[in-house]
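Enquirer: Have a look at this one.
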């Protein structure tokens, strides 16, 4: 399993002001699948995925388990979680988060460079070809469209071959045509590169690209639908 989580709860605040963002959620995500986690604002979908990625800490419970790539992250320290995220989880954000003074290639290589790890140039070239940004590798963000910048962000997330890629509203800043292109490219990364991708969105149309749609409401999974044959 790329992700194996059981009995995950998350409460913010305490006493009369406590808000239960997650309520005893369990979820398994096999390797090489494209999963969409959908739900309205405030449903708990982002909290769920942030807990799975080690960005948020679930409530203490001896029954709680969160394993990513076979490694249990529930008991890791903050420093250990930071290293774990760097090495095992790729992130794609709505705002792209590219460094404006760096070229596309430098942005893609940046996380590995900061970690002192060797860049696999052959994999970078494969990603650039798959994501159709080969001709943009020497361009800076202000020389690229929004869709091209998001493709660079996806390549950055995939370069280290993470156990799972978390894409939080990856099409939120894009027009509909560009959104369709980005989703199709994420789909290709799953089909051709064997990557595991989890997309968080409130837009149900995004789910059409996924193998599986997990619907979250009021901190619980209310539906979990496999969409066989979706491509």
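The values are calculated or read from the model by the stated rules, or taken from the named source; none is laboratory data. In this text, all values refer to a predicted model and were calculated from it rather than measured experimentally. Cβ atoms come from the backbone with ideal geometry, glycine included; neighbour counts cover every protein chain shown.
Enquirer: Hey, can you tell me all the residues within the stretch 189-231 that are surrounded by fewer than 17 Cβ atoms within 10 Å (Cβ to Cβ) and in a helix (DSSP H, G or I)?
Expert: Passing the criteria: 191, 192, 193, 204, 205, 208.
Enquirer: Please determine whether any residue of the stretch 92-109 is under 25 Å from residue 1 (Cα atoms) and either at pLDDT below 95 or outside any loop (DSSP other than H, G, I, E, B) (or both).
Expert: yes
Enquirer: Next question, about the same structure. So, of the residues in the stretch 147-188 that are assigned to a loop (DSSP other than H, G, I, E, B) and over 14 Å from residue 201 (Cα atoms), which turns out to be farthest from the chain's Cα centre (by Cα)?
Expert: Taking the stretch 147-188 as the starting set, the residues that turn out to be assigned to a loop (DSSP other than H, G, I, E, B) are 159-163, 169-175.
Narrowing the set further to residues that are over 14 Å from residue 201 (Cα atoms) leaves 159-163, 175.
Numbers: 159: 14, 160: 14, 161: 13, 162: 10, 163: 10, 175: 20 Å.
Checked the stretch 147-188; the qualifying residue farthest from the chain's Cα centre (by Cα) is 175.
Enquirer: May I ask you to verify whether residue 19 is at pLDDT 95 or above, within 21 Å of residue 224 (Cα to Cα) and touching a strand residue (DSSP E or B) at 6+ places or on another chain (Cβ under 7 Å)?
Expert: Against the criterion (at pLDDT 95 or above, within 21 Å of residue 224 (Cα to Cα) and touching a strand residue (DSSP E or B) at 6+ places or on another chain (Cβ under 7 Å)), residue 19 does not qualify.
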